[in-house]
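Structure first, commentary second.
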Amino acid sequence: MGIGDDIIATSMAKGAAARGDLVAFGSGGRIIWGPHSKMIFQNNPNVAAPGQERQATRWVAYHKGSRIYNKAAPDRWVWNYSFSVEPGEIFFGRDELVGWDEKLVILEPNLPGKPNSPNKRWLPGRWAEVADILREEGWKVRQFSYGGPVSVAEGIETRTFRQAAAWLRAARLVILPEGGLHHAAAAVGTPAVVLFGGFAPPSVLGYGEHENLTGGAEVACGSFRTCSHCVAAMARITVDQVVESAERALRWQSTRPTSSRISVSSESSSS
């Protein structure tokens, strides 16, 4: 289970504590967390932690090997088109928050080193063009700095994914590929232009409040390896399409929207 999977999980538990419930993710009476779950579920009153099996009042069979939105075939993900993702939640401690900047636009041109990453990769030169156009229009363009090979803007140094999510919350707009950060953008209520290409279907993993670009791909193949269909779909996404989508989102969001998905814990988030 990846970080995005854990953010999706929080949407399934949303509002549980207010109803007197505690949601456990697992099966067979055992809570099953992934390597990032503790970080994403931090401060979340709706989610039961390992060891709280007896306190849990509702169980959801969502864990490694049971992702609900897809299942594994030998060479690809098979998507569950009856599933439609909802925005999750990230509960920040007050010491984690970054002040909102109405001129800040964050780009994320880099991808994790997974075998399927080439299927989600947009050409570096196009990222640079988008950054230049937005700067010329007066936006403060930044990207996360963590040693990725593509550099098109001044870096924001972050040590953890939660810090990156806090910066997403502070931005007016984010432009990024499908993945954990686009789920985080939805969780913190920040408008996004998301480059899906042909790997994953926006109808399953996209959010209605985002601008989701597929490059005209009619099929989301979910290939575990580099796929010519996915690479071609990403290549069909043009600089003009991304800029137009960004400008449309920026026009609609003249001020930061109030988001019920932002929850701040009353204590420090240190763990």
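The values are calculated or read from the model by the stated rules, or taken from the named source; none is laboratory data. Since the structure is predicted, the reported quantities are computational estimates derived from the model, not experimental observations. Heads up, the Cβs are rebuilt from the backbone with ideal geometry, glycines too, and the neighbour counts pull from every protein chain shown.
Condition check: modelled with pLDDT of 95 or more and surrounded by 15 or more Cβ atoms within 10 Å (Cβ to Cβ). Does V78 satisfy that? No, not satisfied. For the range 148-226, the strands (runs of 3 or more DSSP E) that sit wholly inside it and include 1 or more residues that are assigned by TED's automatic domain parsing to the domain that holds P115 and free of Cβ contacts under 8 Å to residues at least 40 places away in the same chain are 154-157, 192-195, 211-213. Among the residues of the range 27-67, those identified as of a type in the set (V, I, T) and either at pLDDT below 95 or in a strand (DSSP E or B) (or both) are I31, V47, V60.
Would you check if A128 is assigned to a helix (DSSP H, G or I) and not charged (D, E, K, R)? When the stated conditions are applied, A128 passes them.
Residues that are free of Cβ contacts under 8 Å to residues at least 60 places away in the same chain and either out of contact with any Asp or Glu (no Cβ under 8 Å at 6 or more places or on another chain) or of a type in the set (S, T, N, Q) (or both) do not occur anywhere in the range 84-103. Selection of the range 102-122 for residues being in contact with a helix residue (DSSP H, G or I) (Cβ under 6 Å, 6 or more places away or on another chain) and not in a strand (DSSP E or B) yields E108, P109, L111, N119, W122.
Restricting attention to the range 75-116, which residues are among the polar types (S, T, N, Q), within 18 Å of the chain's Cα centre (by Cα) and more than 27 Å from W139 (Cβ to Cβ)?
S84, N116 - these are the residues of the range 75-116 that are among the polar types (S, T, N, Q), within 18 Å of the chain's Cα centre (by Cα) and more than 27 Å from W139 (Cβ to Cβ).
Out of the residues in the range 74-102 that are of a type outside the set (D, E, K, R) and touching a Gly at 6+ places or on another chain (Cβ under 8 Å), which is farthest from N119 (Cα to Cα)? Looking at the filtered set, the residue picked out is P87.
Listed residues G206, G179, G198; which is farther than 26 Å from F91 by Cβ and either at pLDDT below 95 or surrounded by 19 or more Cβ atoms within 10 Å (Cβ to Cβ) (or both)?
Answer to the check: G198.
For the range 238-259, the set of residues classified as modelled with pLDDT of 70 or more and part of a loop (DSSP other than H, G, I, E, B) consists of T238 only.
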